[in-house]
1. Which of PHE37, PHE59, PHE48 moves most in a GNM of the chain, Cα contacts under 10 Å?
2. Relative to the Cα centre, what is the charge dipole magnitude of the chain, using +1 at the beta carbon of each Lys and Arg, -1 at the beta carbon of each Asp and Glu, and rounding to the nearest 20 debye?
3. Could you tell me what fraction of 2.2 N^0.38 Å the Cα radius of gyration of region 72-147 comes to, as a two-decimal ratio?
4. Per residue of region 24-40, what does 6.51 cos²θ - 1.76 cosθ + 1.60 with θ = phi - 60° give for ³J(HN,Hα)? Whole Hz please, x for Gly and Pro, Karplus curve as stated.
5. Over the chain, with every protein chain in place, what whole percent of the accessible area is carbon and sulfur at 1.4 Å, could you tell me?
6. Between the helical axis of 2-22 and the dominant principal axis of the chain, each derived from Cα atoms, what acute angle in degrees is found, rounded to the nearest 10?
7. Enter the accessible area per residue of the chain (Å², integer; probe 1.4 Å; all protein chains in place).
8. In region 10-59, what GluC sites (Glu not before Pro) fall in a loop by DSSP, with at most 14 other Cβ atoms inside 10 Å?
Amino acid sequence: MALKRKWYESVLAMGVRRDLDKNAKVARLSSPYRERFISFAARQRVTFENDLNAEWQEFYEQFVAKRLYNINVKMWKQVRKRVFERDSYTCVYCGQIGGKLEIDHIIPISHGGTNEMANLATACRRCNRQKRDKSVKAFIEWRKRHE
């Protein structure tokens, strides 16, 4: 069944490519995410009617607009600086001071988290990459099992 579905999605992907060739606006907007968008739209077309503009809008809302760094780089740098200063340049998970620090979404975007200051925390690169899209509780439990 999986092989049949992959074949069918590849045929639908060819249709998405054809539609992108005809729609310059969506082609331009989706260019940084082209292959990912084509795959997404092909999967959408398995159950929904072909509508490139609606597929782009849904893709954009799910994968592009949710990330703060895709919205405004200058604003993201200001937010990053405020979060780092608020947390005294210290990882909230392991206590590392300084080093390669990143901003973590306490409640991940994929679980309905927001870009509000209250949902952002300073994390060292190791903790942030290990946490991925886990909740804080799940991450701490995972960490105890893997140390």
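1. With Cα springs under 10 Å in the chain, the top fluctuation among PHE37, PHE59, PHE48 is at PHE48.
2. Working: 31 positive and 17 negative charges, 111 e Å.
Result for the chain is approximately 540 debye, rounded to the nearest 20.
3. Values: Rg = 12.2 Å, N = 76, 2.2 N^0.38 = 11.4 Å.
Ratio of Rg to 2.2 N^0.38 Å for region 72-147: 1.07.
4. Whole-Hz 3J(HN,Hα) from phi for region 24-40: 4, 5, 5, 4, 5, 5, 8, 3, x, 10, 3, 5, 5, 5, 4, 4, 4.
5. Details: 5330 of 10010 Å².
The value for the chain is 53 percent carbon and sulfur by accessible area.
6. The angle comes out at about 80 degrees.
7. Values: 10010 Å² over 147 residues.
Dividing the accessible area of the chain by its residue count gives 68 Å².
8. Values: sites: GLU35, GLU49, GLU55, GLU58; in loops: GLU49.
Within region 10-59, the qualifying GluC sites (Glu not before Pro) (loop, at most 14 other Cβ atoms within 10 Å) are GLU49.
The values are calculated or read from the model by the stated rules, or taken from the named source; none is laboratory data. Note that the structure is a prediction, hence the values are computed from the model and not measured. Neighbour counts are summed over all protein chains in view; Cβ atoms, including those assigned to glycine, are modelled from backbone coordinates with ideal geometry. Remember, those area values only see protein heavy atoms, side chains included, never the ligands or the DNA or RNA. Shrake-Rupley method; radii C 1.70, N 1.55, O 1.52, S 1.80 Å.
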